[in-house]
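Working notes, beginning with the structure itself.
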Amino acid sequence: MAHVEPIDGAICLKCGVPFSSKNSPNHLCSLCIKNKNSLDWIRSFFIYSDPIATLVKRLKYHGDSSCLNALLKLSKPHLIRLMEDIPFGSDGLLHKTCIIPVPLHPKRLKRRLFNQSLLIAKGLFDHVPICLDLVERDIDNPPQTSLSLSERKKNVRGVFKIKKLDGSKNFLLIDDVMTSGSTLNELARTLKNHGARGIAALTIARTV
Ligand SMILES: [Zn+2]
């Protein structure tokens, strides 16, 4: 049986991509040195491989709550370690920070009946407020699967709409899986255009 693969070696300080040489110190990857994106910090608990991938798919497409519980149980021991270096959480309380689970388009939410990112956010954080009415997905873009990186960026451009954003705040975006990061970056870009201050993102898993 496959084992979970936690991301616990050397990573990029900004986008969190794991480096192949596990023992080197954390540093910026070449992409983060070259490109400026709106996300200040991205971390994931695991590499997107089995059994994590199967648990995520069973949660997302079959609403299997035992898979949510298993993912939360596997993730929680890694949460404290990761949150220690969140750029605006040094007081340990995520001061002035609001959590935003990546929203689904209302049509997709109606079909699926739940937003897996919201379930994950609620399961991981019980002392940080979750903003549910701040941002919505205005455009039902086609799924990102099977698109190239540039197509993914284009596909999510302008899909989020800010409903209200009062004062400059920090935000922690939560999603199940990060693939290219296009969706998270687009959400962060939209928030920053509306005056958001620091934006970090946390996902259960990421592809490498
Ligand atoms: Zn990077």
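Kindly check whether there is at least one residue in region 163-173 that is at negative phi, out of contact with any Cys (no Cβ under 8 Å at 6 or more places or on another chain) and either at pLDDT 95 or above or in a helix (DSSP H, G or I) (or both).
Start the filter on region 163-173 by keeping residues that are at negative phi, which leaves 163-166, 168-173.
Subsequent filtering for residues that are out of contact with any Cys (no Cβ under 8 Å at 6 or more places or on another chain) retains 163-166, 168, 173.
Pick out the ones that are also either at pLDDT 95 or above or in a helix (DSSP H, G or I) (or both) and you get 173.
Yes: region 163-173 contains one or more residues that are at negative phi, out of contact with any Cys (no Cβ under 8 Å at 6 or more places or on another chain) and either at pLDDT 95 or above or in a helix (DSSP H, G or I) (or both).
From the list Ser117, Ser146, pick out the single residue that is among the small types (Gly, Ala, Ser) and in a loop (DSSP other than H, G, I, E, B).
Details: Ser117 fails: in a loop (DSSP other than H, G, I, E, B).
One residue alone meets the criteria, Ser146.
Please verify whether Cys67 is without any contact (Cβ under 8 Å) to a residue 40 or more places away in the chain and within 16 Å of the ligand (Cβ to nearest atom), treating the condition exactly as stated.
no
Going residue by residue through region 58-65, is there one that turns out to be among the basic types (Lys, Arg), surrounded by fewer than 13 Cβ atoms within 10 Å (Cβ to Cβ), over 17 Å from the mean Cα position of the chain (by Cα) and more than 22 Å from Phe171 (Cα to Cα)? Quick ask: steps written out before the conclusion?
From region 58-65, those among the basic types (Lys, Arg) are 58, 60; that's our starting set.
Subsequent filtering for residues that are surrounded by fewer than 13 Cβ atoms within 10 Å (Cβ to Cβ) retains none.
No, the conditions are met nowhere in region 58-65.
Kindly indicate the residue of region 7-53 that is hydroxyl-bearing (Ser, Thr, Tyr) and surrounded by 13 or more Cβ atoms within 10 Å (Cβ to Cβ) and also farthest from the ligand (Cβ to nearest atom) among those meeting that condition. Explain how you work it out, then say what you get.
So in region 7-53, the residues hydroxyl-bearing (Ser, Thr, Tyr) come out as 20-21, 24, 30, 38, 44, 48-49.
Filter once more, keeping what is surrounded by 13 or more Cβ atoms within 10 Å (Cβ to Cβ): 38, 44, 48-49.
Working: Ser38: 14, Ser44: 12, Tyr48: 17, Ser49: 20 Å.
By that ranking, first place goes to Ser49.
Just give me the residues in region 34-53 being in a helix (DSSP H, G or I) and either hydrophobic (A, V, I, L, M, F, W, C) or under 18 Å from the mean Cα position of the chain (by Cα) (or both), in sequence order. Spell out the reasoning first.
So the first thing to find is which residues in region 34-53 are in a helix (DSSP H, G or I), and the list is 34, 52-53.
Within region 34-53, Ile52, Ala53 meet the criteria.
Which is within 17 Å of the chain's Cα centre (by Cα), within 23 Å of Ala196 (Cβ to Cβ), at pLDDT below 90 and among the aliphatic types (A, V, I, L, M), of Leu94, Leu13? Don't jump to the end; show me each part of the working.
Numbers: Leu13 fails: at pLDDT below 90.
Checking each option against the conditions leaves just Leu94.
Applying the selection to region 1-59, what residues are β-branched (Val, Ile, Thr) and within 22 Å of Ala188 (Cα to Cα)? Step through it out loud before you land on a result.
Of region 1-59, the ones β-branched (Val, Ile, Thr) are 4, 7, 11, 17, 33, 42, 47, 52, 54, 56.
Matches in region 1-59: Ile11, Val17, Ile33, Ile42.
State which residue pairs qualify: first residue under 20 Å from Ala53 (Cβ atoms) and inside region 1-17, second residue of a type in the set (Gly, Ala, Ser) and within 16 Å of the ligand (Cβ to nearest atom) in any location, beta carbons under 8 Å apart, and separation of 6 or more residues or different chains.
From residues that are under 20 Å from Ala53 (Cβ atoms), the pairs are Ile7/Gly16; Ile7/Ser44; Gly16/Ser44.
Which condition does His78 not pass, out of (1) crowded, with 17+ Cβ neighbours inside 10 Å; (2) within 12 Å of the ligand (Cβ to nearest atom); (3) not in a loop (DSSP other than H, G, I, E, B), if it passes all the others?
(2)
Looking at this structure, is Leu72 assigned to a helix (DSSP H, G or I), of a type in the set (A, V, I, L, M) and either at pLDDT 95 or above or surrounded by 16 or more Cβ atoms within 10 Å (Cβ to Cβ) (or both)?
On the way: assigned to a helix (DSSP H, G or I): yes; of a type in the set (A, V, I, L, M): yes; either at pLDDT 95 or above or surrounded by 16 or more Cβ atoms within 10 Å (Cβ to Cβ) (or both): yes.
Yes.
The values are calculated or read from the model by the stated rules, or taken from the named source; none is laboratory data. Computed from a predicted structure; not experimentally measured. Every residue, glycine as well, gets a Cβ built from its backbone with ideal geometry; the counts of neighbours run over all protein chains shown.
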